[in-house]
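Colleague: This is the structure I have questions about; it appears just below.
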Amino acid sequence: MSEIQNQSNQAVSSESGPLSAFDLFKRQDREVAKKAIAARLLRNGVKQEDPVDLSYVPKEGETLEPLTPESGNEALEVYRHSTAHLLAAAVLDLYPGTKLGIGPALLDDPKGGFYYDFQRPEGERFTPEDLPKIEKKMRDLIKRNLEYKRLEMPKAEAEKKFAELGEPLKCELIEEKAGATVSCYTIEGTPFVDFCLGPHIPSTSKIKAIKLLSIAGAHWKGDETRPQMQRIYGTSFFSQEELDDWIKQKEEAEKRDHRRIGPELDLFSFSDAIGPGLVLWHPNGALIRKVIEQFLNDELYRRGYSFVNTPHVTQSELFRISGHLENYQEGLYPPMTDKENEQIEYRMKPMNCPFHIQIYKSKQRSYRDLPQRYAEYGMVYRYERSGVTHGLMRARGFTQDDAHLFCTPEQLVGEVIACLDLVDFVMKAFGFEYKAELSVRHATDHSKYLGSDEVWTMAEAALTDGLNQYGLPYVRMEDEAAFYGPKIDFKVVDAIKRTWQLSTIQVDFNLPQRFGIEFISSDNKPHQPIMVHRAILGSFERFFGILIEHYAGAFPVWLAPVQAIVLPISDKYNEQAQKVEAELKAAGHRVASDQRSEKIGAKIRDAQLKKIPFMLIIGEREAEAGTVAVRDRVKGDQGAIPVAEFAARLSELNKTRALTT
RNA sequence: GCCGACUUAGCUCAGCUGGUAGAGCGUCUGAUUCGUAAUUAGAAGGUCAUCGGUUCAAAUCCGAUAGUCGGCUCCA
């Protein structure tokens, strides 16, 4: 990375005036200067958080590095933020009287891009037909190569200026956020002025590839009590190729959408007669779920878990004690009143933990009994607001693969390591890469956290030691812990590089205290056990949705509802097909046969669309030889092999949970 | 919950500014007996999401309800 010392700046500034970042870069390397869109600022060699404009004139002790398209997210953020300004300029030009909200860049996929919030005058609003017009105007502005100008002024002056411009929301922001000096940006030749920290690209022609995406409602500052504005989403890239790739990626994600694939492959559905967010698992989906459950069952037994079962409803009292009633009132289904005693109300359960605690509490526990590990695939019900349900990903009724560990402080590290190993084992089985995040308390401000310093220090140390001993790299997130304890979260990366938050390991100081659970230690005195909540898949519903998208519906053999389908060439070989089907079924495989009077091409096509891993074709040759011609859904025709050989192959794939054939 | 869009046969979708429904796929019945991604003929199938209104007349216009979809932390 080229680096320009301020000394050189001072050396020349006497003759030709002070030199800007751009001037300095140009001296160093014309090509780099041409590509630069902003500059990274180093003060006494220390990188400053916010980049600066190319017009920035460095001060004593400051060094600059160019920010180019190759600089990654830092540059992309500046670029997209500038595109958001361009959008606002185009909108103001086309729709005078529009008030500005905010317009930040977005980096996270799938929302990568930017948006700008607008308030149109009473009675006016954007419609989807406006987007092409606005986009066209943006392109016009790009062609005119207009300059992004930075203005600085005292706070009072800025407030006056925006008041004159009729931008009340901007005034509110200045009031709240601004220091003594306020910076603004304009785009030359447009009515656009924005209160903005910057930095921005030097001129509109730097913007190479844009696309406006959608219009949505958004409340000012995300606050529902504030007026609703119209938000325009868009995205921009340094090149058309990158934009095209992004569009392709989006289309790929749409093709994989579990809400499309689910009904297509007859995996699950929703029914208006039942209600939003309540899932019907069809035979194919339920079968996959059973296979996953069986896989987990075996593993959990092996790892010393006990299985428990608890009811779906409970007297509200349980959740009053746990604090959920107070804190999550909105998220609960409304209460049911007891028929015989109006004083008693029941609730659908939103969590399993208090039930497991009741099991723990059912008798006195000795330190010799610990750890207790209770696992349950517990169905819980949360009243998600009507606008937020999303297929299997966000449902109102879902099944947690929940477990609660009750242990002594000394046992915590060991339990953490065991959980890490379980997460690793399960994620690898499904072919997921993953990353870990350790969420701990704020370094100094502990006011919002419950529990003593002593116990927090112990728990954070146990999680950290566990991660280190297990050898798992992690990101430490300060101030991201839950109020009730520190945690480790896992993010998996799917087949098309999207990340999903799945597993979690959380230490809880709150519930043991609220429910007053204890164990008798070797000192013959009661102590409070450490409680750990842990989920691997999170919820079966959501995990299934993620799996469908991860595999695009083409499940590996061990999960596929139908692992192989027998396809007779014509009716003449139906009998042989039935024999082969029966033989494979007897060997424990999930096999079907297609005995319709269709041509083989049609049968193959249908099997292919159902994403069945193997097609076993039987014609005259195979019937005579007792073989099947194996067609792999990915690799195509594999030639004929004896039925027994195919059965052995299927067994092997199933046993090893192979992800490919 | 809020903003916007959408809801027509099992599925995907046509149906122009109101004149009372159409295709492809699928299903069913028959013919065909076929060698690696769609053989063929015929038939059945819809209170146009639901309820209400305007009109001589509503899938079409208006309103309400339900459901689905895109959003509603990202800051000057």
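Condition check ((1) free of Cβ contacts under 8 Å to residues at least 60 places away in the same chain; (2) within 10 Å of RNA strand B (Cβ to nearest atom)) across all residues:
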position: A:S205; (1), (2): no, no
position: A:L213; (1), (2): no, yes
position: A:G222; (1), (2): yes, yes
position: A:E254; (1), (2): yes, yes
position: A:L280; (1), (2): yes, no
position: A:A286; (1), (2): yes, no
position: A:E293; (1), (2): no, no
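Colleague: Pairs only if they're at least six apart or on different chains, beta carbon under 7 angstrom, first in region A:600-625 and open to solvent by 40 Å² or more (accessible area, probe 1.4 Å), second near RNA strand B (Cβ under 6 Å from one of its atoms); list them, first residue then second.
Modeller: A:I600/A:I569; A:I600/A:I617
Colleague: Then there is this: Assuming A:K435 fulfils every condition listed in (1) under 22 Å from A:P529 (Cα atoms); (2) outside any loop (DSSP other than H, G, I, E, B); (3) not β-branched (V, I, T) apart from one, which condition is it?
Modeller: (1)
Colleague: Every residue in region A:158-192 that is exposed (fewer than 13 other Cβ atoms within 10 Å of the Cβ) and among the hydroxyl-bearing types (S, T, Y), please.
Modeller: A:T181
Colleague: Moving on. Go through region A:321-370 and give me each residue that's closer than 21 Å to A:H404 by Cβ, exposed (fewer than 13 other Cβ atoms within 10 Å of the Cβ) and of a type in the set (K, R).
Modeller: A:K363, A:R368
Colleague: Looking only at region A:141-157, filter to residues that are part of a helix (DSSP H, G or I) and touching a residue at least 12 places away in the same chain (Cβ under 8 Å); which one of those is surrounded by the most Cβ atoms within 10 Å (Cβ to Cβ)? Working first, answer last.
Modeller: Step one: of region A:141-157, the residues part of a helix (DSSP H, G or I) are A:141-143, A:155-157.
If we keep only those that are touching a residue at least 12 places away in the same chain (Cβ under 8 Å) too, we end up with A:141-143, A:155, A:157.
On the way: A:L141: 23, A:I142: 19, A:K143: 10, A:K155: 14, A:E157: 13.
In this case the residue turns out to be A:L141.
Colleague: Could you grab me the full set of residues in region A:559-579 that are within 16 Å of A:K610 (Cα to Cα), open to solvent by 10 Å² or more (accessible area, probe 1.4 Å) and more than 15 Å from RNA strand B (Cβ to nearest atom)?
Modeller: From region A:559-579, those within 16 Å of A:K610 (Cα to Cα) are A:559-567; that's our starting set.
Then drop every residue that is not open to solvent by 10 Å² or more (accessible area, probe 1.4 Å), which leaves A:561-562, A:565.
Once the filter is applied, which keeps residues that are within 16 Å of A:K610 (Cα to Cα), open to solvent by 10 Å² or more (accessible area, probe 1.4 Å) and more than 15 Å from RNA strand B (Cβ to nearest atom), region A:559-579 yields A:P561, A:V562.
Colleague: Still on this structure: Please find, within region A:442-465, the residue that is nearest to A:Q506 (Cα to Cα) out of those that are touching a Phe, Trp or Tyr at 6+ places or on another chain (Cβ under 8 Å) and open to solvent by less than 50 Å² (accessible area, probe 1.4 Å).
Modeller: A:A459
Colleague: When the residues of region A:350-377 are narrowed to those that are small (G, A, S) and more than 34 Å from the chain's Cα centre (by Cα), which ends up nearest to A:R542 (Cα to Cα)? Let's see the steps before the verdict.
Modeller: Going through region A:350-377, the residues small (G, A, S) turn out to be A:362, A:366, A:375.
Now drop any that are not more than 34 Å from the chain's Cα centre (by Cα), which leaves A:362, A:366.
Details: A:S362: 32, A:S366: 37 Å.
The extreme case among them is A:S362.
Colleague: Go through region A:592-605 and give me each residue that's assigned to a helix (DSSP H, G or I) and more than 8 Å from RNA strand B (Cβ to nearest atom). Full working, then the answer.
Modeller: Filtering region A:592-605 for residues assigned to a helix (DSSP H, G or I) gives A:600-605.
Scanning region A:592-605 gives a single hit, A:K603.
Colleague: In addition: For A:Q638, indicate whether it is part of a strand (DSSP E or B) and either more than 10 Å from RNA strand B (Cβ to nearest atom) or among the polar types (S, T, N, Q) (or both). Let's see the steps before the verdict.
Modeller: Details: part of a strand (DSSP E or B): yes; either more than 10 Å from RNA strand B (Cβ to nearest atom) or among the polar types (S, T, N, Q) (or both): yes.
Against the criterion (part of a strand (DSSP E or B) and either more than 10 Å from RNA strand B (Cβ to nearest atom) or among the polar types (S, T, N, Q) (or both)), A:Q638 qualifies.
Colleague: Quick one: which helices (runs of 4 or more DSSP H) sit completely within region A:1-68 and have at least 3 residues that are surrounded by 13 or more Cβ atoms within 10 Å (Cβ to Cβ) and modelled with pLDDT of 80 or more? So that I can check it myself, show each step before the final result.
Modeller: Details: elements: A:6-16, A:21-28, A:30-35.
Those helices (runs of 4 or more DSSP H) span A:21-28, A:30-35.
Yes or no, residue by residue, for (1) more than 13 Å from A:A88 (Cβ to Cβ); (2) of a type in the set (K, R); (3) within 13 Å of RNA strand B (Cβ to nearest atom):
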{"site": "A:M138", "(1), (2), (3)": "no, no, no"}
{"site": "A:E152", "(1), (2), (3)": "yes, no, yes"}
{"site": "A:A158", "(1), (2), (3)": "yes, no, yes"}
{"site": "A:F162", "(1), (2), (3)": "yes, no, yes"}
{"site": "A:G166", "(1), (2), (3)": "yes, no, no"}
{"site": "A:L169", "(1), (2), (3)": "no, no, yes"}
{"site": "A:L173", "(1), (2), (3)": "yes, no, yes"}
{"site": "A:G198", "(1), (2), (3)": "yes, no, yes"}
{"site": "A:T225", "(1), (2), (3)": "yes, no, yes"}
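Colleague: Condition (residue is in contact with a helix residue (DSSP H, G or I) (Cβ under 6 Å, 6 or more places away or on another chain), at negative phi, of a type in the set (V, I, T) and modelled with pLDDT of 95 or more) applied to region A:553-563: is it met by at least one residue?
Modeller: Checked against the condition, which is being in contact with a helix residue (DSSP H, G or I) (Cβ under 6 Å, 6 or more places away or on another chain), at negative phi, of a type in the set (V, I, T) and modelled with pLDDT of 95 or more, region A:553-563 yields at least one hit.
The values are calculated or read from the model by the stated rules, or taken from the named source; none is laboratory data. The model shown is predicted, which means the values in this text are computed figures rather than measured ones. Quick reminder, even Gly has a Cβ in these numbers, built from the backbone with ideal geometry, and neighbours come from all protein chains shown. All accessible areas refer to the heavy atoms of the entire protein, side chains included, with ligands and DNA or RNA removed. Shrake-Rupley method; radii C 1.70, N 1.55, O 1.52, S 1.80 Å.
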